[in-house]
Amino acid sequence: MLLPQISTPQTGETIVESVRSHQVATETSADIVVVSAEELAATGERSLPRQLAKAAGVWLQETNLGGGSPILQGMSGAQVLLVVDGVRMNDATTRNGVNQMLNGIDPAAVERIEVVRGPRSVLYGSDALGGAVLVWTKRRAPAAKSGDAGLHGALDSTYQSVTEGYSGALTVSGAFEDHGWLAVGGYHNWNELEAGSGEVQNTAYHGESYFGSWVSQLGEGRTLRATTSITRDFDVPRTDRLNPGFGQTQPSNAEFEYAVQDRQRFVLAYEDRHGGAFADVVQARASFRYYNEDRIQRALGSQSLRREHDTTNTVGLGIDLQKALGEHHVLTYGVDVDYDDVDSGRVDENIVSGAITPKVGSFAPGSRFTSTGVFVQDELTSFEPFDVTLGARYSHYAFGFEDVNTGADEDGDFGALSGSLAVGREVADGVRVVGTLAQGFRAPNLSELARDATFFGGTELANPDLDPEKSLYAELALETRKSTWNASVALFHDNVSDAVGSRLINAGGPGLGDETYLRDNVNTVEIWGAFARWVTQVGGAESRWSTEFAAEYTHGQQYDDFVDPSTGDEPFNDQPAQRIPPFHGWVGLTYDVDRGPWDWAELTCQWAFDQNRLSPQDLADPRIDPDGTDGWATLDLDIGGPLGGPSSGSTWTLGLHNLFDEDYRVHGSGFDAPGFGVVVGVRVSR
C-alpha cells in the first residue's frame, strides 16, 4: 500500500529502533508518520524530497529541481532538522531558507523515514523547531541473526517522461555468520522539466551516489556498524535566478549554478542491548561529515564571473542510553558533540579580459562552530489513567572566525535550556487525548554569524552578536484507533521569539537594489494551525479497499518593531509570516489485488487552496506571485505488480501523474510544477 499507515510496525517486520526515536505513550499519529522504502518507491517520484512529500503528505518547497525543502508546522530550512541514522545533517552552514540537504540522500539507500511534527529540541537540540525528518538507511543482518547467508542483488531503474530523465541503482548484499554487508551505487540524469505551462528552462542536472553498510555481531546483543555515504550532484541550476520571476521582465542572473554538491558521511555506530546498572540499551556514534559546494554566479549584464566554494568538515560524537526503572518508568538520556570547520573561497573572473581577482569567501576565514548538548527524557505510565513524558536539555555553543577587516579573531558562545511536558489519557475505548507543552530553540549558525550574502539584490551582513531563536509550543491532539480505522486531529500554537531576520541599515539608491541589511533578532512569529488524518479499511477488516484523508492548515503572523526612517512606518509589524503554506491536503484510494499480473493500484488526489496572505518578504520574492498563489488539485494513478511470479522479488510500477495536466505552482517554489507525466519503474531482484 502506498499511503503510510499508523507508525506501529507490522507483524514480521524487523525495525531497527533508535533510543531517541523510541515512540513514547504520549505520541500520536498526528505527531509522527512512518513511511517505508516500498512506500517511497511506489510514489514514482524522482527524488527523496518528492517521494516523502507524496508518501507522507509533507508540504514541499522547491527552488530548483535539485532541491526540495520540507515545511513542517510552517517552518523550513534550518528550522527543520534532518537526521540520518541518528546523526544530524544540519550543520553550522545550513541555510536558514530552503536548502538541498534532503535531496542529497539516495532513495535507494533508505529503509524508512519518520516525520516528526512539532519541536523536538529536547532530544535533538538546535533546529528542530518545526519538527524533524529521521532517515534510516538499509543494512544486511549477519547470517547468525537472519538465517540467510546468501548473496543478493537488485537493480532498480526509473524513467520519468516529464523530464525525459532516468535513475538507476544497483544493490548487492551478503552475509557471513557474524557479519553482514550491503552496497548501493546509483546514477540519475534529469533533463528540462515539462510543466503544465510548457518546458521550464534551467532545470536539468545529473548526479551519482554510493552507499555502504557493514554490520558485525560482537556477541549477544552487541553490534558494530560502519556506514559510508557519498552523493554528488553536478551542474544544478538555480532556476529562480535564471528564469524571470514574478515582477521581473528579465532574470536576476546570466549564470547561477551549483557546479558540484559533494556530500560525504562516514559513521561508526555501536549498540549494546546487554543491560547494565546505568542502561538497558547503549547506542554510541562517531561520525565524520564532509560537504563541498562549488557555485558559479554572474549577474545579468555583468562581465564579472564569481566562482565560490564552501567546504565544511564536521566531526561528531553521540551517546544515547535508555534504562527501564521498573515496569512503568523509562529513562532516556545522552550527550552529543559536533565540531564544524569551514573553509570558504572566492575568485572573480572578468569574462572579457580574463583577469582573476581573489575575494573573501562567503564565510569569514577560520570559521568554526562547536555544539555540545546533554538531554534527559522520562516516560511515566504509572499515574493511571495518565501517561506522562517529561524532558529537558541544555546546549552550549561556541564559535570563532577571523574578522576580514581587522584580521582579529572573533569568538563568542551562548547556551540554551529547553524542556517539554506531554500528558495523555484514554477517555474511551481506543480514544486518547494528549496535551503537549514544549520549548524549542535554534542556535544562530555560521551562515548568520560569519557570512555576508546577497539578499533580494542587496547585501545581508553577518552579525556575531545574535541570540538563539526560542519557541514555546502547545498542542492538543485527539486520536481514535479502531480495528478497521483510525483517525487523529491536532491543534497547535507556536510562539517563536528572537527570530533571526534582516534589519535595513542603508537604503542605497532608489530602485538600484543596493540596500544593505544586518541580520538581527528582529521578529516574533506566531503560528497556529491544525492537522487531521483518517485511515480506514473500506468495507471491513477483510476488504481489499482502503482510503486515507489528511489536511493541514497553518496561519502565521510576524511582529517586528523596525521603523523605516524614510516613512516612520513599521512595514514588517503585524504582518503575515513568511512562506506559510496554504490550506492543503491529500486523499488516496488503494486497492490491494494481491494476485495476477498486478498487486495494487492507487488513486491519489493532492490539493491546495489559494494563498493570499503574503508577508512583505513574500511580496518582494520573485518566486511568489504578489497577487497570491492560486489553488490547485492533481490526480495520480499508480499501479504495480510482480515480475516473474510473486516469489521472484522483482516488481514493476507504472504511474500516470497529474492526469489532467494541471498548470500550477506550489506556493514558494521557484518554478511551475510537473505537468502530465508517465513514470515507469522496474526492480529486478535476486
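Read the figures in this text as sums done on the coordinates, not as results from a lab. Source: prediction; values computed, not measured. Reconstructed Cβ throughout: ideal geometry from the backbone, glycine too, with neighbour counts over all protein chains shown.
Applying the criteria of a DSSP loop state and at most 13 other Cβ atoms within 10 Å to the GluC sites (Glu not before Pro) of segment 533-606 yields E542. To the nearest 0.05, what FRET efficiency results for R686 and T484 with a Förster distance of 41 Å applied to their C-beta separation? My answer for the efficiency is 0.65. By the scheme Lys and Arg +1, Asp and Glu -1, what is the net charge of all other residues having a beta-carbon under 11 Å from that of V35? Taking every Cβ under 11 Å from that of V35, the sum is -2. Cα centroid separation, segment 426-478 to segment 383-423: 12 Å.
Among the GluC sites (Glu not before Pro) in segment 257-337, those placed in a DSSP loop whose Cβ has at most 11 other Cβ atoms within 10 Å are E327. Tell me what the chain gives for mean residue ellipticity at 222 nm when only DSSP H runs of n ≥ 4 count, each as -39,500 (n - 2.57), the sum divided by the residue total, rounded to 500 deg cm²/dmol. After summing the helix terms and dividing by the residues of the chain, the value is -1000 deg cm²/dmol. Here segment 32-685 is assigned +1 on the Cβ of each Lys and Arg and -1 on the Cβ of each Asp and Glu. Its dipole about the Cα centre then comes out at about 1480 debye. Charge tally around T536: other residues with Cβ under 12 Å, Lys/Arg +1 each, Asp/Glu -1 each, net +2. Using only the Cα atoms of segment 32-685, each taken as one equal point scatterer with no solvent, compute I(q) by the Debye sum, divide by I(0), and report log10 of the ratio at q = 0.06, 0.07 Å⁻¹. The Debye formula, applied to the Cα set alone, gives -0.34, -0.46.
Among the chymotrypsin sites (Phe, Trp or Tyr not before Pro) found in segment 158-226, those both in a DSSP coil and sparsely packed, with 13 or fewer other Cβ atoms within 10 Å of their Cβ, are F176. Going from the residue with the fewest nearby Cβ atoms within 10 Å to the one with the most, L437, L151 rank L151, L437. Geometric descriptor of segment 592-656, per residue, is 124 Å³ (volume of the convex hull of the Cα atoms). Taking other C-beta atoms within 10 angstrom as a stand-in for reagent exposure, S669, S36 fall in the order S36, S669, fewest first. Other residues with beta-carbon under 11 Å from the beta-carbon of S18 carry, at +1 per Lys or Arg and -1 per Asp or Glu, a net charge of -3. Stretching V433 away from H329 to a fully extended chain increases their span by 35.4 nm, per 0.36 nm per residue minus the current alpha-carbon distance.
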